[in-house]
1. For the stretch 28-49, enumerate the residues that are within 16 Å of THR132 (Cβ to Cβ) and surrounded by fewer than 15 Cβ atoms within 10 Å (Cβ to Cβ).
2. Take SER67 and tell me if it is over 18 Å from the mean Cα position of the chain (by Cα) and over 14 Å from PHE25 (Cα atoms).
3. Need the failing condition index for LEU61 against (1) closer than 13 Å to ILE6 by Cβ; (2) surrounded by fewer than 20 Cβ atoms within 10 Å (Cβ to Cβ); (3) of a type in the set (A, V, I, L, M), just the number.
4. Return the pair list, or none, for Cβ contacts closer than 7 Å from residues in the stretch 28-44 that are at positive phi to residues that are among the β-branched types (Val, Ile, Thr) and surrounded by 12 or more Cβ atoms within 10 Å (Cβ to Cβ), at least 6 apart or on different chains.
5. Restricting to the stretch 112-148, give me the number of residues that are of a type in the set (Asp, Glu) and free of Cβ contacts under 8 Å to residues at least 24 places away in the same chain.
6. In the stretch 117-142, what count of residues is obtained for those that are closer than 19 Å to LEU44 by Cα, in a loop (DSSP other than H, G, I, E, B) and among the aromatic types (Phe, Trp, Tyr)?
7. Assess whether LEU5 counts as being closer than 23 Å to THR100 by Cα and at pLDDT 95 or above.
Amino acid sequence: MERTLIIIKPDAVQRGLIGEIIRRFERRGLRIVAMKLMQITPELAERHYAVHRGKPFYPGLIRYITSAPVVVMVLEGTRAIEVVRRTMGATNPAEAAPGTIRADFGLEVGRNLVHGSDSPETAAFEIPLFFTDDEILSYSRATDPWIFES
């Protein structure tokens, strides 16, 4: 099972889209193994987005992600990173495929509703920024045999 970090960003929280976004991931069969509502501090935002430091959009990105509460989650499933990224859609909502979260609810790159890790290495870096090992659960659902082949 692969794990990935999801951030339901301030724009989605403020627009009341938390449930809709979670619903889409759950309907794909992904299992929520950690979740919390939180306010990201500037320090945490700088660590999370360190790869973008020095880029022109970086200061605005930090202001945006710290501007209001977010929901952070760890999702688990077969090829979870790929499945999440396809469910979210392209970073630019105008280029996202119809039926994806970003295409259905977004218009601009700077308000694209949701973040998901883009690789196993990124997930391994991001998840511990937001969750301790004790906050991530391992469990089975009664429906798991109908979702996962093994």
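The values are calculated or read from the model by the stated rules, or taken from the named source; none is laboratory data. For clarity, every value in this text was computed on a predicted model and none was experimentally measured. Methodologically, a virtual Cβ is constructed for each residue, glycine included, from the backbone with ideal geometry; neighbour enumeration extends over all protein chains shown.
1. LYS36, MET38, ARG47
2. Working: over 18 Å from the mean Cα position of the chain (by Cα): no; over 14 Å from PHE25 (Cα atoms): yes.
No; evaluated as a whole, the condition is false for this residue.
3. Condition (1) is where LEU61 drops out.
4. GLY29/ILE147
5. Taking the stretch 112-148 and keeping what is of a type in the set (Asp, Glu), we get 118, 121, 126, 133-135, 144.
Still in the list and also free of Cβ contacts under 8 Å to residues at least 24 places away in the same chain: 121, 133-134.
Matching residues across the stretch 112-148 total 3.
6. Number satisfying all stated conditions: 1.
7. Numbers: closer than 23 Å to THR100 by Cα: yes; at pLDDT 95 or above: yes.
Considered against the rule, which asks whether it is closer than 23 Å to THR100 by Cα and at pLDDT 95 or above, LEU5 comes out as yes.
Results for (1) more than 17 Å from ILE7 (Cβ to Cβ); (2) aliphatic (A, V, I, L, M); (3) under 17 Å from the mean Cα position of the chain (by Cα), shown as yes or no for each residue.
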position: THR78; (1), (2), (3): yes, no, yes
position: VAL84; (1), (2), (3): no, yes, yes
position: PRO98; (1), (2), (3): yes, no, no
position: SER150; (1), (2), (3): yes, no, no
